[in-house]
Amino acid sequence: MPLKRTELKIPEGYLFSVAKAGIKYEGRYDMGLILSERPAQVAGVFTKNLVKAAPVVITKRRLRKGTARAILVNSGNANACTGERGFKDALLLSGELSRRLSLSENEILLASTGVIGTPLPVERMSAALSELIENLSRDRLPDVARAIMTTDTFEKLYSRVFTAGGESFTLTGVAKGAGMIAPAMATMLSFILTDAPVSQDALKGALREVVEDTFNSITVDGDMSTNDTVLVMANGAKQGTIISKKYYRAFRDALYEVMDALARIIASDGEGATRLITIVVEGAKTRRDAKVAALSVANSPLVKTAVYGRDANWGRIMAALGRSGASMKQERTSISINGIEIVKNGLSAGNDSLAQKSMSQKKEVLIRVSLGMGRHSHRVYTCDLTEEYIRINAEYRT
């Protein structure tokens, strides 16, 4: 059920590579390298989980400099809960890469995804660095997208060309994520690259502004990862007026489109999912109320399994709204599924069978809620919950 993809466009001034290190599986690409040919402004957001993987801690520290040249990423192993050894292994890899690329070690950012609690196979990964460096190319971003997949069923990429000051720039994002997805910062890995000259303040401001309504508004299973990382790089390879206060909105809007598309793609590829679910809560008293109400519905296993069964069981939606903590009154609440009203002023509208037919026919389900309490709204992406989700996670380490 992936979102219709844009034509992939590669921003100027970036090179990409992948390598096989046998981290979890033999014979598959499981390391990736993104290299900017010139220093890039960089901003990031990370998991709010108090248990943070070594690459998260190291990369957060290195972002204080504000510029970077490379992102080294691996799948198959999270390098989380690995103690002091995890930090030493991560620093060993970034140190060796920095020497081979003649870069400062602080210019290399790290990201990992995979099994928690297992040390990295650092010898095999170190040996794979040669392959990464030798195979750098402008054409290998799709390979990076595949190399960082874990339980994902397809690679996740999205591009947007935007104009600022009469110049055209490219903004392209790559992401991974299918399980352990819950909205508390980012809930996956994503790297977003542009050749636009963007100031540090504008980059950080736009990312903070956009993340709340995109990567912070998706959920698959309500579980927050230890490794969630979103990095945005702007290397200014295409010359033009520096985007700061001027042209800020053009950049922010382009960033929103890319991140929103990736967020939707991630939710559509939730582990075992058969339906993408969009939940829109309107008429909330506050913005917070709209968001917590939407997330309460999105995280409800009862709602998600009802969608899997193509059952317009609106009582489950109503119950999730009532326990959300948002201000609501049952008699003011209305609910529709795919545009078919099933609840009006807290009571059945008598259209359950029509809604169920629509749920069976469409690959996407839109649940729209009107609380009738105010003017605020929020949208969340999620997916249904199936037996396949249980199978995938029961066998994750085997």
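The values are calculated or read from the model by the stated rules, or taken from the named source; none is laboratory data. The structure displayed is predicted, hence computed values, not measured ones. Reconstructed Cβ throughout: ideal geometry from the backbone, glycine too, with neighbour counts over all protein chains shown.
Values for this structure:
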read-out: The range 20-52: number of residues that are buried (at least 23 other Cβ atoms within 10 Å of the Cβ), within 13 Å of Gly76 (Cβ to Cβ) and among the small types (Gly, Ala, Ser); value: 2
read-out: Counted residues, the range 211-228 - those being among the hydrophobic types (A, V, I, L, M, F, W, C), under 18 Å from Gly173 (Cβ atoms) and either surrounded by 23 or more Cβ atoms within 10 Å (Cβ to Cβ) or not assigned by TED's automatic domain parsing to the domain that holds Lys156 (or both); value: 2
read-out: Residue that is farthest from Asp384 (Cα to Cα), among those in the range 297-345 that are of a type outside the set (Asp, Glu) and in contact with a Gly (Cβ under 6 Å, 6 or more places away or on another chain); value: Arg332
read-out: Selection count where residues are surrounded by 17 or more Cβ atoms within 10 Å (Cβ to Cβ) and either more than 20 Å from Gly177 (Cβ to Cβ) or not aliphatic (A, V, I, L, M) (or both), scope the range 97-120; value: 12
read-out: Every residue from the range 301-318 that is assigned to a helix (DSSP H, G or I) and of a type in the set (A, V, I, L, M, F, W, C); value: Leu302, Val303, Ala306, Val307, Trp314, Ile317, Met318
read-out: Cβ pairs under 9 Å, 6+ apart, first in the range 90-107 and more than 21 Å from Asn227 (Cα to Cα), second surrounded by fewer than 18 Cβ atoms within 10 Å (Cβ to Cβ) and of a type in the set (S, T, N, Q); value: Glu96/Ser126; Ser98/Ser104; Ser98/Asn106; Arg100/Ser130
read-out: Candidates Ser336, Ser358, Ser324, Ser353 - the one that is part of a helix (DSSP H, G or I), hydroxyl-bearing (Ser, Thr, Tyr) and buried (at least 16 other Cβ atoms within 10 Å of the Cβ); value: Ser358
read-out: Count - residues of the range 209-247 that are in a helix (DSSP H, G or I) and within 14 Å of the chain's Cα centre (by Cα); value: 5
read-out: Failed item in (1) touching a Ser or Thr at 6+ places or on another chain (Cβ under 7 Å); (2) buried (at least 18 other Cβ atoms within 10 Å of the Cβ); (3) assigned to a strand (DSSP E or B), with Val161 passing the rest; value: (2)
read-out: Subset of the range 366-385 (residues that are among the hydrophobic types (A, V, I, L, M, F, W, C) and either surrounded by 23 or more Cβ atoms within 10 Å (Cβ to Cβ) or over 22 Å from the mean Cα position of the chain (by Cα) (or both)); value: Ile367, Val369, Leu371, Met373, Val380, Cys383, Leu385
read-out: Test: residue in the range 370-386 that is modelled with pLDDT under 95, touching a Gly at 6+ places or on another chain (Cβ under 6 Å), part of a strand (DSSP E or B) and of a type outside the set (Asp, Glu); value: yes
read-out: First in the range 124-141 and closer than 10 Å to Lys20 by Cα, second anywhere and part of a helix (DSSP H, G or I), Cβ under 8 Å, 6 or more apart; value: Met125/Leu93; Leu129/Leu93; Leu129/Glu96; Leu129/Leu97; Leu129/Arg100; Leu132/Leu97
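Conditions (1) out of contact with any Leu (no Cβ under 8 Å at 6 or more places or on another chain); (2) in contact (Cβ under 8 Å) with a residue 12 or more places away in the chain; (3) outside the structural domain of Lys285 (by TED's automatic domain parsing), marked per residue:
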{"residue": "Leu302", "(1), (2), (3)": "yes, yes, no"}
{"residue": "Ile335", "(1), (2), (3)": "yes, yes, no"}
{"residue": "Ile340", "(1), (2), (3)": "no, yes, no"}
{"residue": "Lys357", "(1), (2), (3)": "yes, no, no"}
